[in-house]
Amino acid sequence: MNTEKKTILVTGGMGYIGSHTTVALIEQGFDVVIVDNLSNSSSFILERIQQISGVLPKFYQVDCCDKAALEKVFIQENSIVASIHFAALKAVGESVEKPMLYYKNNLVSLMNIIELQLQYEIPKLVFSSSCTVYGEPDFLPVTEKSEIKPATSPYGNTKQIGEEIILDISRNSPLQAIALRYFNPVGAHASALIGELPNGTPNNLVPYITQTAIGKQPYLRVFGNDYNTPDGTCIRDYIHVVDVAAAHVAALNRLLIIPERPQFEFFNIGTGNGNTVLEVIHAFENATGVKLPYQIYPRRDGDIEKVYANTDLSNNVLGWKSNLNIEQMMASAWAWEQKLSTIK
Ligand code: NAD
Ligand code: UFG
């Protein structure tokens, strides 16, 4: 029996979703090599991954846009069998202000990874995409066949262009790829040792909720209560980051084990349930017993009214399903925020 462990290259593995996925991969018996430039993460995450998993993954502080430095990783780590490419900048507002930074960082890093994977004959890739590619959908829930809408930000465009780059290259090379279109990843690992580390004041709902609950923010602003939804606030498909991590293990196993596949596939990674902002607030209050002060504010520019996933394809083809509910997402996000306040 071949008991040799398979090594997975995880770019952006020190970040929010990447660190949870690294833990899941180690738990499933993979070796992990992380490449991250720490532009949006901290080095202490590495020891946290070790604390949870009992394994210290190899870490290279390398910018994926620096092809020569990235190639050294491929030369040194010759047992890599596939990669998961998380490394990207992800702040929508910042991408509008600094489009060049986003196009360069997100697309050059992707092209470097693909080029090196083809050069070193390791053509299996999992790519972080986003439900942002669906924009404001015409029909709900969105399936993978739903129309791709013009991107509303340079960030969103990097995901659309990223998928197109992969599609074109996979048609003309041995590249085999799976893009996972995440809906709204939230929550933290059950240990509360890793979680989301927002840079400055959070833009996203759940970190803003937990920072409000702990007193770092005075109150939560609810952006708009006049949408065409049951309580007037926007609907999203929030999904536990631990479930998102498990989807990567499923995608990787599909790439490694199933020989007959289309060369490029994409899957929705959500729960299939939509929750309004007010429902999320109430779920947080129920899960934690902490009352959350909030005020209704005007709509936020560019917000989608409602989006949630049809998950039939990821359930049936990927063999993956989300397990954790909105209360579990809130309780874990809160435990992480509380732990964070003791070390920051
Ligand atoms: P994150 O910022 O926590 O993690 C990204 C990691 O990549 C960070 O550690 C950062 O330092 C690193 N990085 C960025 N550019 C790099 C580069 N050029 N070279 C090396 N490392 C680099 O973000 P996340 O929430 O974990 O997101 C991971 C991926 O998932 C991203 O591609 C993001 O666009 C995508 N995504 C995230 C969400 C979400 O809501 N979190 C939703 C949809 C898609
Ligand atoms: N919201 C508030 N108050 C806040 C923050 C958010 O009411 O302080 C509301 C928003 O208006 C929206 C909902 O909470 O209705 C969710 O907002 P998030 O910012 O948490 O998430 P988005 O769905 O707007 O965007 C996220 C990522 C994007 C990604 C998109 C689709 O931030 O990067 O999901 O994947 F493109």
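The values are calculated or read from the model by the stated rules, or taken from the named source; none is laboratory data. Just so it is clear, the model here is predicted, and its values are computed rather than measured. Heads up, the Cβs are rebuilt from the backbone with ideal geometry, glycines too, and the neighbour counts pull from every protein chain shown. We work out accessible area using only protein heavy atoms, side chains counted, and drop any ligands, DNA or RNA first. Shrake-Rupley method; radii C 1.70, N 1.55, O 1.52, S 1.80 Å.
Here the chain has 50 percent of its accessible surface on carbon and sulfur atoms, given a 1.4 Å probe and all protein chains in place.
When each of the peptides 181-194, 224-237 is scored by the mean number of other C-beta atoms lying within 10 Å of its residues, the order from highest to lowest reads 181-194, 224-237. Calculated accessible area for segment 215-307 comes out at 44 Å² per residue, all protein chains present (probe 1.4 Å; ligands, DNA, RNA ignored). In the complete set of protein chains, residue-level accessible area for K104 is approximately 120 Å², probe 1.4 angstrom. When the C-alpha to C-alpha distance is required to be over 28 Å, the pairs from K5/K321; K145/K321; K159/K339; K72/K159; K6/K339 that qualify are K159/K339; K6/K339. At full extension, S173 and R221 could sit 12.5 nm farther apart than now, given 0.36 nm per residue minus the alpha carbon distance. Measuring only protein heavy atoms, the 1.4 Å probe finds S53 accessible over about 30 Å². With 0.36 nm allotted per residue and the present C-alpha distance subtracted, the N323-Y297 stretch has 6.1 nm of extension available. By the combined test of axial Cα extent (at least 20 Å) and Kyte-Doolittle hydropathy (mean at least 0.5), the qualifying DSSP H helices of the chain come to 241-257. When the surface is traced with a 1.4 Å probe over the full set of protein chains, T158 keeps roughly 0 Å² accessible.
Label separation (N316 vs V92): 3.1 nm, computed from points 7 Å beyond Cα along the C-beta direction. Taking 0.36 nm per residue of sequence separation and removing the Cα-Cα distance, the I161/E121 pair yields an extension gain of 12.0 nm.
With protein chains left intact and a 1.4 Å probe, residues in segment 19-133 average 43 Å² of accessible area per residue. When all protein chains stay in place and ligands, DNA and RNA are ignored, the 1.4 Å accessible-area order of M329, M100, M111, largest first, is M100, M111, M329. Per the Debye formula with a single identical scatterer at each Cα and no solvent contribution, what log10 I(q)/I(0) holds for segment 116-227 at q = 0.20 Å⁻¹? After summing over all Cα pairs, the log10 values are -1.17. Amide H to amide H distances under 5 Å link T7 with D31, V81, where only residues 5 or more positions off or on other chains count and H is placed in the peptide plane. Here the Kirkwood formula, the inverse mean of 1/r across different C-alpha pairs, assigns the chain a hydrodynamic radius of 20.4 Å. Projecting label points 7 angstrom from Cα along Cα→Cβ for N253 and T342 puts them 3.4 nm apart. Note that segment 6-75 carries a Kirkwood radius of 11.9 Å, evaluated over its alpha carbons pair by pair. Between the alpha-carbon centres of segment 265-344 and segment 205-228 there is a gap of 13 Å.
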